[in-house]
Amino acid sequence: LSQAHPRLVDSVIHALADDVTVQAAADALCETCTLDVLVLSTDPADVHLAASISAGLLQLKPRLARAAAEGDEDWASAFTHALGQFATCAAKPLACASAGPSAEAGHLQQLIMLMLECMNHPSYRVADNLVDVWVSLQDLPMDQRAPEMRAPLYEQLLQVTLERCQWPLGDDNVVDVDADDGDFDKWRHQSASEVITSCLGALGATQFVNTLSRLLPAEPPATAEGWAQQWRGVEVALYALSAVNIELKQRLRAESPPSAPPTTPTGENSPLGGRFSDAVGLAREKVHINALLTAAFRLTHAIPSLGQQAVAGASGSAGADVSPAVDPHFLPTAAAYTGSFSSWLKGQPDLIEPTVTFTLFTAAA
C-alpha cells in the first residue's frame with residue numbers, strides 16, 4: 001500500500017501530529033499493523049519501509065516532549081499506541097537490521113531508543129503501550145540481532161522498568177497511593193511483570209540477579225530511619241523476584257543444561273544463545289540465584305525488630321501503628337515473595353524460623 005501511495009505514510013505521520021486527528025491516525029496505523037499478513041522481515045524492501053516509517057515517527061519527538069511537559073496524556077497515549085503496534089510488526093527489522101552506519105539503520109536505532117525513553121514517560125499508560133514490543137522481541141535469536149539489541153538494551157530496559165515499578169512518592173515523601181487512579185497498580189501487576197520476564201530471558205539469570213542485587217543494602221538497616229531510605233528499592237527487588245519465581249525455580253531444579261530449546265526462551269536456538277551450553281554456566285547461575293534469595297529473605301527478617309521499635313516508641317500500646325518503621329506497602333510484597341519461594345525455603349533450615357517470625361508479624365500488622 002505504501003509503495004502504491006508513497007505519500008500515504010507522510011499523511012499518517014502528519015495526522016498523528018495534530019491534536020484533532022491523532023486518535024484516528026493512530027487507530028488507522030494500528031489496524032494496519034495488526035493484520036496477519038503484515039509482519040515485516042529483514043528483506044531490503046521491508047527494512048526500507050520500516051526505516052521510512054521510523055523516520056516519520058521520529059519527527060514527532062518534539063511533540064512527545066511537549067505532551068509530557070504539558071501533561072497531555074491523551075496525545076502521548078495515542079501516539080505510543082501507534083508506535084507500539086508498528087514496532088511489534090517491525091520487530092525483525094528493528095532487532096536485526098539496526099546495525100551499521102547507514103541512514104536506515106540509524107533511523108531504526110533511534111526508534112528503539114525512543115521506545116526506551118517512552119518507558120520513562122510520566123504516564124504509566126504510555127509505558128504500557130510498548131509492552132508488546134519487548135515481549136515480541138524475545139523470540140528473535142540473539143545471534144541474529146544487532147549488537148545494540150542484545151544485553152545492553154535489556155540491561156537498560158530492566159533498570160527503567162524497575163524504577164517505574166517503585167512506589168511513587170508524593171511531595172511529603174510518603175507514598176502517593178492515588179497515583180494515576182490505579183494505572184500504577186495495573187502497570188505493576190500486568191505489564192511490568194511481562195517485561196521483567198523478557199529481560200530475564202534475554203540477560204540470563206546471572207546478569208538479571210546481579211542487577212537486582214544492586215537494589216539491596218549489604219546489611220539490613222538497623223533503624224527506622226535507615227529503612228525509610230531504602231525500603232522502596234528492596235520492595236521492588238522482591239516484587240521482581242516474585243514475578244519470575246517460576247523461571248528461577250526451574251533453573252534451580254535443572255540438573256543439566258537443556259538438550260533442546262524449550263518453549264521458554266532458553267537453549268541454543270533461542271535469544272539466550274546457548275547460555276546453558278555447559279554445566280559450569282548452569283551451576284554459576286544457581287549460585288547467584290541462591291545468594292540473592294538468601295539476602296532478600298534476611299532483609300525481611302529485620303522487619304519484626306523494626307516493628308517492635310515502633311511499638312516500644314508508642315509506649316507498648318496494643319495494636320500500635322508500625323508504619324513509621326515499616327511502610328505498609330512493603331509488607332504485602334514481602335509476604336508474596338515469601339509465598340512464591342516457600343518451596344525453595346524448605347531446603348534452607350537456617351531461614352525457616354526467622355521467616356515464620358516475619359510471617360506472624362505481617363499477619364498481625
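The values are calculated or read from the model by the stated rules, or taken from the named source; none is laboratory data. Just so it is clear, the model here is predicted, and its values are computed rather than measured. Ideal geometry is used to build each Cβ from the backbone, glycine not excepted, and the neighbour counts take in all protein chains shown. What goes into the accessible areas is simple: the full protein's heavy atoms, side chains included, and nothing from ligands, DNA or RNA. Shrake-Rupley method; radii C 1.70, N 1.55, O 1.52, S 1.80 Å.
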Residue-normalised accessible area of the stretch 1-138, expressed per residue, 1.4 Å probe, Å²: 46 Å²
Projected-area average for the stretch 61-202 over all orientations - Cα convex hull basis, square nanometres: 8.8 nm²
Per-bin percent of Cα-Cα distances, the stretch 51-103 [10 Å]: 22, 46, 26, 6
Accessible surface of S11 - all protein chains present, 1.4 Å probe, nearest 10 Å²: 70 Å²
Accessible surface of T338 - all protein chains present, 1.4 Å probe, nearest 10 Å²: 20 Å²
Dipole magnitude of the stretch 126-247 about its Cα centre (Cβ charges: Lys, Arg +1; Asp, Glu -1), debye to nearest 20: 540 debye
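Please compute the net charge surrounding F341, taking Lys and Arg as +1 and Asp and Glu as -1 over other residues with Cβ under 15 Å from its Cβ.
+4
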Solvent accessible area, Å² - K61, 1.4 Å probe, full protein context: 80 Å²
Projected-area mean, the stretch 155-225, by convex hull of Cα positions, square nanometres: 6.1 nm²
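Compare D278, D10 by solvent-accessible area with a 1.4 Å probe and give them largest first, with all protein chains kept in place.
Details: D278 65, D10 105 Å².
The ranking, largest first, comes out as D10, D278.
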